[in-house]
Amino acid sequence: MAQTAPRQPHTSGWQSQDSAHHLHPFTDYKALNAKGSRIITHAEGCYIWDSEGNKILDGMAGLWCVNIGYGRKELADAAYAQMQELPYYNNFFQCSTPPAVELSALLAELTPPQFKHVFFTGSGSESNDTVLRMVRYYWKLKGKPYKKIIIARDNAYHGSTVAGASLSGMKAMHAQGDLPIPGIAHIEQPYHFGVAPEMDVNEFGLRAARALERKIDELGECNVAAFIAEPIQGAGGVIVPPDSYWPEIKRICAERDILLVADEVITGFGRLGTWFGSQHYGIEPDLMAIAKGLSSGYQPIGGVLVGDKVADVLIGEGGEFFHGFTYSGHPVAAAVAATNLRILRDERIIERAAEDVSPYLQRRWRELADHPLVGEARGVGMVAALELVKSKSPREDFAPAGKVGTLCRDICVENGLVMRAVRDTMIISPPLVLSREQVDELIEKATRSLDQAATRLG
Ligand code: PLP
C-alpha cells in the first residue's frame with residue numbers, strides 16, 4: 001500500500017472556510033461548526049488520509065460506493081482521455097456519444113438477461129425519480145392511468161430529491177418539507193431485530209412480506225403501479241431480510257398486476273457477492289435503479305435498467321418521454337464507469353471477494369457478537385452491521401437511541417477506522433478489494449473501539 005506523504009496540514013484554515021461557506025449534506029450545522037470538519041485529502045486502496053496525516057481504514061468505501069478501491073489509475077486515464085476527446089455532449093434529441101453507447105452495451109452484457117436498456121442519470125436519487133416517472137408513464141401507455149401508487153417500505157432510503165425522499169421511509173426526512181408527495185405508500189420493513197425480535201424469524205419475514213399484499217388490497221390493485229425495495233436496506237441499518245421474505249414478495253408481485261423495482265444503488269456491482277443483489281435473492285425485477293458502484297464513485301453517474309416488459313412498451317407504444325438530465329450519460333462519467341466495469345469483470349473482483357474475503361469477513365464479524373455491547377452481528381457479502389444494546393438478556397436498548405452509536409463511530413475514527421452509525425447500529429461496507437489482513441485490522445480496530453465505548457459508558 002502506498003504511504004504517500006500528506007499534503008501540508010492546512011487543517012484549521014480549511015475548517016474555518018468550510019464552516020463559513022459550505023452547507024454539508026446530512027449534517028447538523030451547529031455541531032459541525034463547533035467541531036470543524038475532518039478534511040480528507042487523499043486515498044489509496046482501502047485507506048483514506050485526513051489533513052492531519054491520519055491514515056484511516058475506510059470501512060464504508062466512501063458512501064458505499066468505492067467498490068474497486070481508491071487510486072485506480074486506469075479510471076483517471078479514462079477521464080483524462082475522454083475530456084480531451086469530448087468533454088461534454090448530451091444524449092437528447094437523437095444524439096449519442098461513444099462512451100454512452102459503450103456503457104449501455106456493457107451493462108446489457110453484465111446485467112440479468114431481461115435488461116437490454118438503460119436510462120442514464122447523474123445519481124441514485126435521480127434514478128429513483130426516473131423510476132417514479134417511468135412506471136406511471138408505462139401504466140398510462142398500457143391504458144391503466146389510475147395505476148400510480150408506488151409502495152415502498154418504512155426506513156428505506158431511495159435518495160434525497162423530492163421523489164427519492166418521498167419513496168424513502170425515513171420520518172425525519174418526511175418531516176422537513178411535507179413529504180411524502182401524494183401517490184406513495186409505505187409498509188413495514190423486514191427488520192427482525194428492531195421490530196419483532198420475539199417472533200420466529202421466518203414467520204416474521206412472511207408477515208413483513210404479506211404487508212405488501214394487504215397494502216395492495218387496501219389501496220386497490222387497479223391503483224398500484226409498483227413496489228420498490230432495496231434487496232438489503234442499506235442506510236436504514238443494513239437490514240438483512242429473513243430467508244422467507246423475498247420468495248414471498250416474489251410470489252405476491254407475480255400474482256398481482258404491479259411492477260417490481262429493485263433499488264440496487266448499494267447492492268449493485270458486487271456488494272452481496274453477486275453482480276446484483278437481485279441475483280443473490282433470486283428476484284427478477286422489472287426495473288433496477290443503479291449508481292454508486294457503477295463508477296465506483298470516481299464520477300457521478302447512475303441509471304435505471306429497464307426490463308423488456310417495460311422497454312417494449314416505452315419503445316413500441318410511447319412517443320417522446322419528456323424526461324432527462326443535462327448529464328444523462330455524461331461522456332466522461334460513462335467512460336470512467338465503463339473502465340470500472342471492465343476492471344471488475346476482467347480482474348474478477350466480485351467473484352474473488354465472494355469466494356475468499358467476504359466469507360472470512362462474515363465469519364470474523366460474527367465473532368463481535370460475543371462483545372457485551374453487541375446484541376446482533378449480521379451481514380451478507382461485503383456489507384455488515386452490529387446492533388449495540390445496553391443489555392443482551394433481558395434485551396434492553398440504549399435510550400435515547402443514537403447516542404451510543406455516535407460515540408462508537410467517533411471512537412472508531414480515533415482508532416483509524418471508518419464505520420457508520422445508524423441510530424445504534426454500526427455498519428461497514430468496505431471496498432471489495434479488502435484483503436484478509438485488512439479484515440483482521442478492521443476487526444481489531446472495531447473490537448478496540450467497542451471496548452473503549454463500553455469503558456466510557458461506565
Ligand atoms: N438508493 C439507495 C439504496 C441509496 O443507498 C442511495 C444513497 O445512499 C440512493 C438511492 C441515493 O443515491 P444518491 O446519493 O447518489 O442520490
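Can you find even one residue in the stretch 139-150 that is within 16 Å of the ligand (Cβ to nearest atom) and surrounded by 20 or more Cβ atoms within 10 Å (Cβ to Cβ)? Yes, there is a match, as at least one residue in the stretch 139-150 is within 16 Å of the ligand (Cβ to nearest atom) and surrounded by 20 or more Cβ atoms within 10 Å (Cβ to Cβ). Residues in the stretch 233-252 that are open to solvent by 10 Å² or more (accessible area, probe 1.4 Å) and within 22 Å of residue 349 (Cα to Cα): 0 in all.
Selection within the stretch 18-50: residues that are of a type in the set (Asp, Glu) and within 30 Å of residue 435 (Cα to Cα). The member of this set that is surrounded by the most Cβ atoms within 10 Å (Cβ to Cβ) is 50.
Could you tell me which residue of the stretch 293-308 is farthest from residue 163 (Cα to Cα), considering only residues that are out of contact with any strand residue (DSSP E or B) (no Cβ under 8 Å at 6 or more places or on another chain) and open to solvent by 10 Å² or more (accessible area, probe 1.4 Å)? Talk me through it step by step, then tell me what you get.
Initial filter on the stretch 293-308 (out of contact with any strand residue (DSSP E or B) (no Cβ under 8 Å at 6 or more places or on another chain)): 293, 295-300.
Applying the additional criterion that residues be open to solvent by 10 Å² or more (accessible area, probe 1.4 Å) yields 297-300.
Working: 297: 22, 298: 25, 299: 23, 300: 19 Å.
Applying the filter and picking the extreme gives 298.
The residue list 218, 203, 255, 230 contains one member that is surrounded by 19 or more Cβ atoms within 10 Å (Cβ to Cβ) and acidic (Asp, Glu), which is 230.
Of everything in the stretch 115-132 that is charged (D, E, K, R) and over 13 Å from residue 301 (Cβ atoms), the residue that is farthest from the ligand (Cβ to nearest atom) is 116.
The number of residues in the stretch 267-294 being assigned to a loop (DSSP other than H, G, I, E, B), in contact with a Leu (Cβ under 9 Å, 6 or more places away or on another chain) and either within 11 Å of the ligand (Cβ to nearest atom) or on the phi > 0 side of the Ramachandran plot (or both) comes to 4. Put simply, of 447, 425 the only residue that is closer than 20 Å to residue 361 by Cβ, open to solvent by less than 10 Å² (accessible area, probe 1.4 Å) and not aliphatic (A, V, I, L, M) is 425. Of the listed requirements (1) of a type outside the set (A, V, I, L, M, F, W, C); (2) touching a residue at least 40 places away in the same chain (Cβ under 8 Å); (3) open to solvent by less than 70 Å² (accessible area, probe 1.4 Å); (4) more than 15 Å from residue 299 (Cβ to Cβ), residue 82 misses just one: (4).
The values are calculated or read from the model by the stated rules, or taken from the named source; none is laboratory data. The structure displayed is predicted, hence computed values, not measured ones. For neighbour counting, all protein chains shown are included, and Cβ atoms are generated from backbone atoms with ideal geometry for every residue, glycine included. To get the accessible areas, we keep the full protein, side chains included, count just its heavy atoms, and leave off ligands, DNA and RNA. Shrake-Rupley method; radii C 1.70, N 1.55, O 1.52, S 1.80 Å.
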